[in-house]
Amino acid sequence: MEKHLVQLSKTMAYVLRHDPQSHGLTLDAEGWVSLKDLLAALRQQRSYWATLKEADLLAVLEQSEKQRFEVRNGKIRAYYGHSVPTKVEKQPVTPPEILYHGTTPQAANLIKGRGLSPMKRQYVHLSADEETAMVVARRRTNHPIILKVHARKAEANGVRFYLGNDMVWLAEPIPSDYIQFG
C-alpha cells in the first residue's frame, strides 16, 4: 500500500476504534458512521487531506491486507479493536473448533490464572490460524507463546464469539479451562 494510504488507514482506525467523538463523529450501536461524515472529519485533520475523496477511503479498503474496515450502505466501521466506552454490538457466530492467541510469556502466566480478557478493548482478540497469532505475538516479544483456544467447547458453555474478519475472531472473556498452554 502507498505510504499516504498507510497513514490514512492508521488515522481511520484510530478515529473509528478509539476517538470518534473528538472528531465530531458518533458511532451507532454496531460501530457504523456515515462515510461522508468520516470524510469531512478527515479533511479537517490535515491540510493535505483537504481534497480527500471517497475514492481514497475505498482505496484504503481495497489495498489493505489487514481488512480493518467494512463499508455498507454509505456507512463505514472498523471490524474490531474498539476501545470506545459504548460497546459495539455484534452478532454471535459459531466459531471454528480451535482458535489461537499469541502473547508474551509474562501474559501467558497471567492468562493461566485469569483466562483471556479484553484488557482495554471490548473483546478478546483471537486468530484463525497459528501463523497470524505468531505475527501478533511478535509485535510484543521475541519469545512468543501461542495459546490454543478450544472455542467450540467454550461456546457450548456460554462464551460468545464474533467474527472480526477472515483472520480475526472476537470473544467475550474466556476462562482458562478452554485454553491449552504449550
Residues that are crowded, with 16+ Cβ neighbours inside 10 Å, free of Cβ contacts under 8 Å to residues at least 40 places away in the same chain and among the hydrophobic types (A, V, I, L, M, F, W, C), drawn from region 2-51
Val15, Leu25, Leu38, Leu39, Ala41, Leu42
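Looking at region 93-148, which of the residues that are among the basic types (Lys, Arg) and free of Cβ contacts under 8 Å to residues at least 60 places away in the same chain is nearest to Phe181 (Cα to Cα)? Step through it out loud before you land on a result.
Residues of region 93-148 that are among the basic types (Lys, Arg), as a first pass: 112, 114, 120-121, 138-140, 148.
Filter once more, so that each one left must be free of Cβ contacts under 8 Å to residues at least 60 places away in the same chain: 120-121, 138-140, 148.
Values: Lys120: 23, Arg121: 23, Arg138: 17, Arg139: 20, Arg140: 18, Lys148: 7 Å.
The selected residue is Lys148.
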Options Gly102, Gly74: the member that is farther than 30 Å from Glu131 by Cβ, at pLDDT 90 or above and of a type outside the set (Ser, Thr, Tyr):
Gly74
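The values are calculated or read from the model by the stated rules, or taken from the named source; none is laboratory data. Here the structure is a predicted model, which is why all the values come from computation and not from measurement. Virtual Cβ from ideal backbone geometry, glycine too; neighbours counted across all protein chains shown.
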